[in-house]
Amino acid sequence: MKRAAVVLVCVTLAACAGILGLRDRKRDTTFPHRPHVISGVTCTKCHAGVTKGGAELHLPDDATCTTSGCHTKPHDSRSCTGCHGSPTAVVDLMAAREHLIFDHGKHLGQTSGNCMRCHDAVATGKGPMRPPMATCFRCHDDLEKARRCDGCHKDLVEEGTLPASHLAHDGDWIREHGIRASSSGDLCETCHKQSFCASCHGATAPALPADRRFADPFRATIHRAGFSGRHALEARSDPGACTTCHTPDRCMTCHVAKGVGDMTSGNHNPHPAGWVGLAASDNLHGREARRDPASCASCHGGAGEMLCVKCHAVGGVGGTPHPPGWSSAQPLYSMPCRLCHPVGSR
Amino acid sequence: MIRLACLALVLVTATAHAGPLRLRADALATTASPAGLLVLEADSPTVTSSLANLRAEAVVWIAGSQTPGEDQVGDVLVIAVDARDAKGRARARLGRFVSTLGALRATHVDGGLLRLSLPQRFEVEAVGGVPVMPGLATSRSFDWLAGGRASRRFGFGGSVGVAYAQRRDAGQLATEELGIDAGYAFNRRSDVGARFAYDLANPGIAEIAATGSLRDEETRTEVYVIHRVASHLLPANSLFSVLGDVPSTRGGTLLTWKAAPRLDLIMDLGIRRIADADSGINDVGVEVAGRARLRLDARGTNMLGAELRRGGVGDSAWLGARGTARIKLPHALTLASELELVRPDDARRGSLWPWALVAASWQRGEWSAALATEASASAEYRHRFDVLVQLARTWGMK
């Protein structure tokens, strides 16, 4: 019984390791470049033809290893690079060839034929051989200063590469993107077209991306899943968040269409008892309006504002709606001041 | 309006580049409103010459039937031409686009943008135009927006800028804001960003937001704070903008951990406070979210996701759970499902709000199609059931 349990645990752990990708990580060994360099093998001995550039990948095959006088007696009949190399190396290299503007031939002159000037991971033996962008910027600092991605990347949208370091779209990027885009809008535009921004921020957006791409539940979009059902809670919990994108008109259009707060068509009053009254205890609306004014504006915007003016105009029973110390640079004859402050009043 | 937009779409995209355009037509039909939607997207590849690079894009949509409460059956979302000199020192945009001036709020405008790079890594940009209103608004008068931003760059990811914008609706001051933005990448592992917007129409802070993050191979830690004042974010010509400051502040930390090559774990721990001494308002709540995402293959074609979230403050607090799945099937089919359960603290709104979606999609070459059913129950609708159908075709895209 114990043995069966141990076997079961082992099988379960092995299955979990497979599902979590831990087995792949173990297999994901980069090619041992460092020992080859130390033993005096030049780069071009294996990567023959790389100096000429062109469309070829210039990766060594098994014949290169066995017929070069080095590994004449392989320890295994399987392909050398099947174990001694990253399983994604070929795919990564093909993608790089397709999406990057780069020619080894033009660079070798600049580096005096020293490949390790750029491929410094050869020395450490760790990490991918493709140099990071920082290596490119050692020479191409003009592209860095101009923040021009198209100097090297043919089309970042088709490439589908997400930022790897700063501006990495990790975590809760929908919340974070506004802060990052404030100072790095030009970098955002290297991948994102106007249609991308307008799909959420556009006043004429017909439907949000979450509605238009409903078949992909992992697409990071705002208002995902049952947002429409809980939007009142979200709006009340984060006053002001809605108006960073929406105008109050947008709320009102929908609320009127659905009969929410549309008193003219005989619908019920959504406010609780004691919402408005002469007694101090009967004035919940004042507190709530100050806490979340956009919520009030979502139904009482436009002509509905006159409802407030009935009581809060100068001399009205509602008194001033301004908090202590409130001030404004607006003249009294401007909107909305003149609604409550008739000419001659203060 | 639609005819004009379609004509403009054809003209702009045809004259900007003689090469192949990227086009996408997207038809969406649902049993909810709008019942039908056709979205046409066109994007020309960048035309490069020795003098300038030119690119054009347009998105127009047509609704099959009117959305209740709205009178338009179609509109233009984007129609813009971008021009940039070959060295990237000057950039201009003309048409309908989203204006984003540093820390100021994004605004959809019909107008133009000019951005110039100056010596010493300084940059200036100016935006002017008419704020976009849905539909064909023929009675609009003296609505405009004008603004600008000056900035200086530091390194590849660093910049600090000051922006100003003023918007008038029917000649009345709607918004007048001053914004300051900053961002800096110390190295590949740590960076910071911040934005600050000040309302000049009704003087006061409109928004402050800051974030800083630190990463290594498998983890990323972000610390953030967001402070918003709703009354200052409303248009200054709204009566509700005179109610004063009741700020909402949220601070917290977000941890992202690649626990295994195919497993990502995300934990968001935050505190929100909506407080104002004058009104006696003091709502404080803990907002927590935990998310897990498991890719069932190396590329993440098959994936499972789970999320548990506690959100809101005071009587608007709620607890929610969400599960997602996407499984690739034979014959280019994909099955996806999403389930959400929300329990509001305030039982008067209902005890449990379930929401579920099951979708099947198919993609082959330039064609894609999807069919889904969506069912929900909430305070909004006692029960609701919708069917969604989508058909899309692309031209000139890989």
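The values are calculated or read from the model by the stated rules, or taken from the named source; none is laboratory data. Only a predicted model underlies this, so the values are computations on that prediction, with no experimental measurement involved. Here the Cβ is made from the backbone with ideal geometry for all residues, glycine too, and neighbour counts use every protein chain on show. For accessibility, only protein heavy atoms count, side chains too; no ligands or nucleic acids. Shrake-Rupley method; radii C 1.70, N 1.55, O 1.52, S 1.80 Å.
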Would you check if there is a residue in segment B:186-205 being touching a residue at least 24 places away in the same chain (Cβ under 8 Å), more than 8 Å from chain A (Cβ to nearest Cβ), among the aromatic types (Phe, Trp, Tyr) and in contact with a Gly (Cβ under 6 Å, 6 or more places away or on another chain)? no
For the structure I just gave you, tell me whether A:Cys254 is under 39 Å from the mean Cα position of the chain (by Cα), modelled with pLDDT under 80 and in a helix (DSSP H, G or I). yes
Subset of segment B:101-128, residues under 30 Å from B:Val229 (Cα atoms) and not in a strand (DSSP E or B), comes to B:Leu101, B:Gly102, B:Ala103, B:Leu104, B:Arg105, B:Ala106
Scan segment A:298-327 residue by residue and report those that are surrounded by fewer than 17 Cβ atoms within 10 Å (Cβ to Cβ) and of a type in the set (S, T, N, Q). A:Thr320, A:Ser327
B:Thr334: passes all of (1) more than 30 Å from B:Leu40 (Cβ to Cβ); (2) of a type outside the set (A, V, I, L, M, F, W, C); (3) assigned to a strand (DSSP E or B); (4) over 24 Å from the mean Cα position of the chain (by Cα) but (1)
Inspect all residues belonging to segment A:70-81 and state whether any of them is closer than 24 Å to A:Glu158 by Cβ and more than 33 Å from the chain's Cα centre (by Cα). no
Could you pull out the residue among B:Ala360, B:Ala306, B:Ala321 that is more than 26 Å from A:His271 (Cα to Cα), in contact (Cβ under 8 Å) with a residue 24 or more places away in the chain and hydrophobic (A, V, I, L, M, F, W, C)? B:Ala360
Which residues, taken from segment B:345-393, are open to solvent by 70 Å² or more (accessible area, probe 1.4 Å), of a type in the set (S, T, N, Q) and within 10 Å of another protein chain (Cβ to nearest Cβ)? B:Gln363
Quick check on segment B:276-289. Is at least one of its residues part of a strand (DSSP E or B), facing chain A (nearest Cβ under 7 Å) and modelled with pLDDT of 85 or more? no
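Let's see how each residue does on (1) modelled with pLDDT of 80 or more; (2) surrounded by 13 or more Cβ atoms within 10 Å (Cβ to Cβ):
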{"position": "A:Asp103", "(1), (2)": "yes, no"}
{"position": "A:His107", "(1), (2)": "yes, yes"}
{"position": "A:Asp120", "(1), (2)": "yes, yes"}
{"position": "A:Gly125", "(1), (2)": "no, yes"}
{"position": "A:Pro132", "(1), (2)": "yes, yes"}
{"position": "A:Leu143", "(1), (2)": "no, yes"}
{"position": "A:Gly151", "(1), (2)": "yes, yes"}
{"position": "A:Glu158", "(1), (2)": "no, yes"}
Would you pick out the residues in segment A:59-94 that are touching a residue at least 40 places away in the same chain (Cβ under 8 Å) and of a type outside the set (Ser, Thr, Tyr)? A:Cys83, A:His84, A:Gly85, A:Pro87, A:Ala89
With respect to B:Asn237, is the statement that it is open to solvent by 20 Å² or more (accessible area, probe 1.4 Å), under 28 Å from A:Gly319 (Cβ atoms) and assigned to a strand (DSSP E or B) true? no
Is it the case, given these coordinates, that A:Thr190 is open to solvent by 40 Å² or more (accessible area, probe 1.4 Å), hydroxyl-bearing (Ser, Thr, Tyr) and in contact (Cβ under 8 Å) with a residue 12 or more places away in the chain? yes
